[in-house]
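What follows draws every value from the coordinates through simple rules; no lab data is involved. In this text, all values refer to a predicted model and were calculated from it rather than measured experimentally. FYI the Cβ positions are ideal-geometry reconstructions off the backbone, even for glycines, and counts take in every protein chain you see.
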Amino acid sequence: MKKIKEIVKNSRVLNILPRFIYSTQYYNYRYRQILKWIFASNEDTNFTYGLTSKNKLEVSHALSLITGESVQKILEYLEEIESNASIRKHISSITKLHKDSNADLNVEYGRRIYWYALVRILKPKLVLETGLDKGLGGILLCEGILKNLKEGYSGNYIGIDINPEAGYLLTGKYAEISKILYGDAIKSINQLTKKFDFCVSDSDHSEDYEYREYFAMLSKLSPNGIIVGDNSHCSDKLAKFSLAQDRPFIYLNEEPLNHWYPGGGLGISLPKLKK
Ligand SMILES: C[S@@+](CC[C@H](N)C(=O)[O-])C[C@H]1O[C@@H](n2cnc3c(N)ncnc32)[C@H](O)[C@@H]1O
């Protein structure tokens, strides 16, 4: 037996099948997840899922390093949004009424919980998000602003989307602190007069547009403002922009739980270091 194993191992041809079986075991579970998703989910784009506990812990450590907030407090912010039953109820009841054929009633947030944690940590006065889709990221950003308000820190949100149907989740108390502008993101940003402390770029993901959008955002960014790019898992534009502007940059990966999507991440462009 030992001899046969040795022969197979040393033969390029005989070793094809064992090598195939060994390597595909790293991916086969994805097919089970794909099958489950095909039958259980309505989503065709902008997928939603929970995140692994390992990912939440690791990203909290990284956010702690860049913000100075404790890991424990950041984990509490993540728990705060994930256990918030009223926002889940708001999202699922509006989704039901809206009859969005690309949305699930089961509410999951993916990496947007890290946007929420950043709002809770940084207490921005004005938040900008380009690209809203249903408004899932927007509603989490607004919920963070509302929680900050209860602690004495005021804040507002501006969302921009080219689609006049976008942002439909932002109703009720969320509409009171938010404004949605419908039109092209870069053109709309250029018309704004206010300064933003926290910007999320999630509109047109073509690399040229993304790069130009960062410059538009920079022109409206407060001195300590940060830019979060939602395309950094497939584009290096925020990293290149940050390098050109002498701004520190970090990329944090998300790790979806029980979903075939391999995950995106957060590119974060931080304020220039004081020399
Ligand atoms: C990936 S979705 C945004 C997802 C959203 N941020 C969330 O948290 O679920 C991209 C959105 O960008 C919008 N969009 C695409 N091109 C745009 C442009 N040039 N200006 C403004 N919005 C744009 C689309 O209409 C779409 O709603």
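Computed from point charges on the beta carbon alone (+1 for Lys and Arg, -1 for Asp and Glu), the dipole magnitude for the range 165-212 about its Cα centre is near 380 Debye. For the range 56-196, what's the relative contact order in percent, using C-alpha pairs closer than 8 Å and at least 6 residues apart? Computed over the range 56-196, the figure is 19 percent. Taking 15 Å as the straight-line reach from the Cα of Lys179, the aspartates and glutamates in range (excluding those fewer than 8 positions away in the same chain) are Glu129, Asp133, Glu143, Asp161, Glu165. Projecting the Cα atoms of Asn253, Phe215, Ser203 onto the dipole axis of the range 185-260, where Lys and Arg carry +1 and Asp and Glu carry -1 at the beta carbon, places Phe215 farthest toward the positive end. Kindly state, to the nearest 0.05, the FRET efficiency for Asn46 paired with Tyr153, given R0 = 51 Å and r defined as their beta-carbon distance. Working from the Cβ atoms, E equals 0.95. Under a model in which nothing but the beta-carbon of Lys, Arg (+1) and Asp, Glu (-1) is charged, the chain shows a dipole of about 920 debye around its Cα centre.
Normalised by the number of residues in the chain, the average gap of Cα pairs under 8 Å and 6 or more apart makes the relative contact order 17 percent.
Candidate cross-link partners of Lys272 among the aspartates and glutamates, defined by an alpha-carbon separation under 13 Å and a same-chain spacing of 8 or more, comprise Asp246. Let me know the shape class of the range 161-275, please: from the alpha-carbon gyration tensor, a ≥ b ≥ c as square roots of the eigenvalues, rounded when a/c is under 1.5, otherwise prolate if a/b is greater than b/c, or oblate. Oblate shape, in that a/c is at least 1.5 and b/c is the bigger or equal ratio. Each residue of the range 138-145 is assigned a 3J(HN,Hα), and the resulting list reads x, 5, 5, 4, 5, 4, x, 5 Hz, derived from the Karplus form 6.51 cos²θ - 1.76 cosθ + 1.60 (θ = phi - 60°), x at Gly and Pro. Once the Cα atoms are used to define both axes, helix 53-67 deviates from the longest principal axis of the chain by about 50 degrees. Rounded to 0.05, the FRET efficiency of the Ser83 and Leu192 pair, given R0 = 22 Å and the Cβ-Cβ distance, is 0.05. Here's the list of lysines a cross-link from Lys89 could span, going by alpha-carbon distance under 19 Å and ignoring same-chain residues fewer than 8 apart: Lys99, Lys134, Lys147, Lys173.
In debye, nearest 20, what is the charge dipole magnitude of the range 1-41 about its Cα centre with +1 on Lys and Arg Cβ and -1 on Asp and Glu Cβ, if you could check?
140 debye
Annotation: amide H-H contacts under 5 Å for Lys125 (H modelled 1.01 Å from N, sequence separation of 5 or more, or interchain): Asp197. Once amide H atoms are placed 1.01 Å from N in the peptide plane, what residues at a sequence separation of 5 or more from Ile226, or on another chain, have their amide H within under 5 Å of its amide H? Hits under the 5 Å cutoff: Phe198, Cys199. Near Tyr182: Cβ cut-off under 14 Å, other residues only, Lys/Arg at +1 and Asp/Glu at -1. The net charge is -3.
Quick one: which residues, 5 or more positions from Gly264 or on another chain, have an amide H under 5 Å from its amide H? H modelled 1.01 Å from N in the peptide plane, none for Pro or chain starts. For Gly264, the qualifying residues are Glu254.
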